[in-house]
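Data block below; observations after.
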Amino acid sequence: MTEPTSATPSIDVPLVHRLLAAQFPQWSELDVRPIDPGGWDNRTFRLGDRMTVRLPSAEHYVLQVEKEHRWLPLLASQLPLPIPVPLGKGVPGEGFPWPWSVYRYLPGQTLAVERVDDVSQVAKDLARFLRALMQADAIGAPLPGDHNFHSGGPPAFYDAQTRQALTLLADNVDTTVAAEVWEAALAAPFEGAPVWFHGDIAWGNLLVENGSLSGVIDFGTSGVGDPACDLAIAWTFFDGENREVFRDGMALDRGAWARGRGWTLWKALIVLADMTGAPASEKAKQRVVIDEVLADHRRYG
């Protein structure tokens, strides 16, 4: 992801109120309150009890608005878990330069081990959701590109960036094994028909209610292509037997898992190498992810 620039407008509750009053007066009297965390690509606000408002945080994310409005209603009926359904698309105004969205609110808390009754069941349910997503109608759907930072395309798009990170981290990471992981990803090209993928399956985009997985949000990086990019959760959340449950449920070939490790390693390396502006707390998390990916490569690679 690209960090928003200094030109990014201030996105706050008063702005949302102004936009609603000008474009959706039927909702303008409803309470608006920020959601914490409010997101990086978009800023999200609760609108009353049944809706949310999402505004792109920078121009880089504007292409995602039209994509979600076109495709999420079509995908929703094909998936076993609820996803956001757009209710209204706003236009630039009130000093805000980009289109924006009103969505149906999905209840739940973001995924955390302490919020679920059975992590193994979450692994099964998530694999079932992703398999259904892969089987959804992909005719005319968006291929990887600028709209989703090339998720679902070949990992080689980030080859130079990954190698730069490996050089920067030569004293902090086992770069010999890390390079093996990356080379294995490059050597296993995706050769199947393009299928739907989410593009950012992470704990913050997975909702839990009553101890179970209850919804999947934020399809801004979605598209059709290689689903290996959706495997990162195997190393960023699952471990041990639960990772194996997820692996079995996804039923993907060895090449997909090699590319999945590559995508996960790329993101973790550039964060740890301070190439994204991420906070120190996030860097510490990505160091753990790197260790998990390298260990998985030693076992399966």
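The values are calculated or read from the model by the stated rules, or taken from the named source; none is laboratory data. Just so we're clear, the structure is a prediction, and the values are computed from it rather than from any experiment. Neighbour counts run over all protein chains shown; Cβ positions are idealised from the backbone, glycine included.
Applying the criterion of being in a loop (DSSP other than H, G, I, E, B) and over 20 Å from the mean Cα position of the chain (by Cα) to the residues of the stretch 149-170, the residue that is nearest to T264 (Cα to Cα) is L169. Taking the stretch 192-234 as the range and being closer than 19 Å to Y103 by Cα and of a type in the set (S, T, Y) as the test, the residues that pass are S214, T221, S222. Of the listed requirements (1) in a loop (DSSP other than H, G, I, E, B); (2) in contact (Cβ under 8 Å) with a residue 24 or more places away in the chain; (3) among the β-branched types (V, I, T), V102 misses just one: (1). Checking V122, V113, V102 one by one, the residue that is crowded, with 17+ Cβ neighbours inside 10 Å, under 20 Å from F237 (Cβ atoms) and β-branched (V, I, T) is V122 and no other. Pairs are defined by a Cβ separation below 6 Å, a sequence spacing of at least 6 or placement on different chains, a first member in the stretch 243-271 that is under 16 Å from M134 (Cα atoms), and a second member that is surrounded by fewer than 22 Cβ atoms within 10 Å (Cβ to Cβ); the pairs so defined are F246/A127; F246/F238; G249/K124; G249/A127; M250/A127. All told, I139 falls short of being touching a strand residue (DSSP E or B) at 6+ places or on another chain (Cβ under 7 Å) and among the β-branched types (V, I, T). Looking at the stretch 19-68 only, could you name the residues that are part of a helix (DSSP H, G or I) and surrounded by 15 or more Cβ atoms within 10 Å (Cβ to Cβ)? Scanning the stretch 19-68 gives L19, L20, Q23, W27, H60, Y61, L63, Q64, V65, K67, E68. In this entry, S77 passes the filter for residues that are of a type in the set (S, T, N, Q) and either surrounded by fewer than 17 Cβ atoms within 10 Å (Cβ to Cβ) or without any contact (Cβ under 8 Å) to a residue 24 or more places away in the chain (or both).
Whether any residue in the stretch 94-115 is of a type in the set (A, V, I, L, M, F, W, C) and modelled with pLDDT under 95 is what I want to check. No: the stretch 94-115 contains no residue that is of a type in the set (A, V, I, L, M, F, W, C) and modelled with pLDDT under 95.
Quickly run through the stretch 135-153 and pick out the residues that are of a type outside the set (D, E, K, R) and over 20 Å from P56 (Cβ atoms). Scanning the stretch 135-153 gives Q135, A136, A138, I139, G140, A141, L143, G152, G153. The set of residues from the stretch 100-124 being closer than 21 Å to V62 by Cβ and of a type outside the set (F, W, Y) comprises S101, V102. When the residues of the stretch 70-99 are filtered to those that are more than 18 Å from the chain's Cα centre (by Cα), outside any loop (DSSP other than H, G, I, E, B) and of a type in the set (A, V, I, L, M), which remaining residue is farthest from A58 (Cα to Cα)? Per the stated criteria, the residue is L74. The residues on offer are S28, S57, and the sole one that is of a type in the set (S, T, Y), outside the structural domain of A127 (by TED's automatic domain parsing) and over 18 Å from the mean Cα position of the chain (by Cα) is S28.
Of the numbered criteria (1) charged (D, E, K, R); (2) part of a helix (DSSP H, G or I); (3) closer than 30 Å to G225 by Cβ, the one E114 fails is (3). In the stretch 202-285, counting only helices (runs of 4 or more DSSP H) that sit wholly within it, the ones holding 3 or more residues that are more than 14 Å from the chain's Cα centre (by Cα) and crowded, with 22+ Cβ neighbours inside 10 Å span 254-272.
Table: residues versus (1) of a type in the set (D, E, K, R); (2) without any contact (Cβ under 8 Å) to a residue 12 or more places away in the chain; (3) closer than 22 Å to V216 by Cβ.
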{"residue": "S28", "(1), (2), (3)": "no, yes, no"}
{"residue": "R46", "(1), (2), (3)": "yes, no, yes"}
{"residue": "S57", "(1), (2), (3)": "no, no, yes"}
{"residue": "I83", "(1), (2), (3)": "no, no, yes"}
